[in-house]
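Undergrad: Take this structure, written in structure tokens, and hold onto it; I'll ask about it next.
Values in this text are rule-based calculations from the coordinates and carry no lab data. All figures in this text were calculated on a predicted structure; none of them were measured in a lab. A quick note on method: Cβ atoms are made from the backbone with ideal geometry, for glycine too, and the neighbour counts reach across all protein chains shown.
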Amino acid sequence: MYFIITTIVAFNYLYKLHIETEELVSFVNQAKRNNHNAVLEIKPFIKSSRLEDLLSGFHLIENELTEEENSWENVAFSRYYGIKGIRVVQEKNARGNQ
């Protein structure tokens, strides 16, 4: 029973995270095609609830992009995708189509 519950919860959360990541990559590629040479601003990724984390058996991962564009996570992402920069902003200020 434990295996079934943790697997279902983990895969459900990871699927939602996968969809968000695909939307982010699509947004980044679109910005590159449009020669958008600015620091991209995106909304925060979903966060797991304590219940989801518990029911998954603590198997959930989270994307770690931050509000600081010079953090190593954001710099690594920017270098990998060949963009000037990226940072997380609160939803009301986000320009990203994520």
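Undergrad: Spelling out what I want: for every residue of segment 84-89, take phi, set θ = phi - 60°, compute 6.51 cos²θ - 1.76 cosθ + 1.60 (Karplus), and round to whole Hz; glycine and proline get x.
TA: With coefficients 6.51, -1.76 and 1.60, one gets 5, x, 8, 7, 8, 10 Hz.
Undergrad: I would also like to ask the following. To the nearest 20 debye, what is the magnitude of the charge dipole of the chain about its Cα centre, counting +1 on the Cβ of each Lys and Arg and -1 on the Cβ of each Asp and Glu?
TA: Details: 11 positive and 13 negative charges, 67 e Å.
The dipole magnitude comes to about 320 debye.
Undergrad: Can you compute the helix-only [θ] at 222 nm over the chain? Use -39500 (n - 2.57) per DSSP H run of at least 4 residues, normalise by all residues, nearest 500 deg cm²/dmol. Please list the in-between numbers first.
TA: Details: 3 runs with 48 residues, N = 98.
The helix contribution divided over the chain gives -16000 deg cm²/dmol.
Undergrad: Check residue 85: other-chain or 5+ apart residues with amide H under 5 Å from its amide H, H built from backbone geometry?
TA: 40
Undergrad: Here is a follow-up. Taking Cα atoms, how many degrees apart are the long axis of helix 72-81 and the longest axis of the chain, rounded to 10 and kept between 0 and 90?
TA: Roughly 70 degrees, rounded to the nearest 10.
Undergrad: Percent relative contact order of the chain, based on C-alpha pairs within less than 8 angstrom and at least six residues apart? Could you put the intermediate results ahead of the total?
TA: On the way: 116 pairs, mean separation 37.8, N = 98.
Relative contact order here is 39 percent.
Undergrad: So, in nm, how far is label residue 26 from label residue 66 when the simple model puts each one 7 Å beyond its Cα toward the Cβ?
TA: 3.0 nm
Undergrad: For the pair residue 33 and residue 7, how long in nm is the line joining their label points, each one 7 Å along Cα→Cβ?
TA: My value for the distance between the label points is 3.8 nm.
Undergrad: Sticking with this structure for a sec: What is the distance, in nm, between label points placed 7 Å from the Cα along the Cα-to-Cβ direction at residue 19 and at residue 84?
TA: 3.2 nm
Undergrad: Taking only Cα atoms, what is the 0 to 90° angle, nearest 10, from helix 2-33's long axis to the longest principal axis of the chain?
TA: Between the helix axis and the principal axis of the chain, the angle is about 10 degrees.
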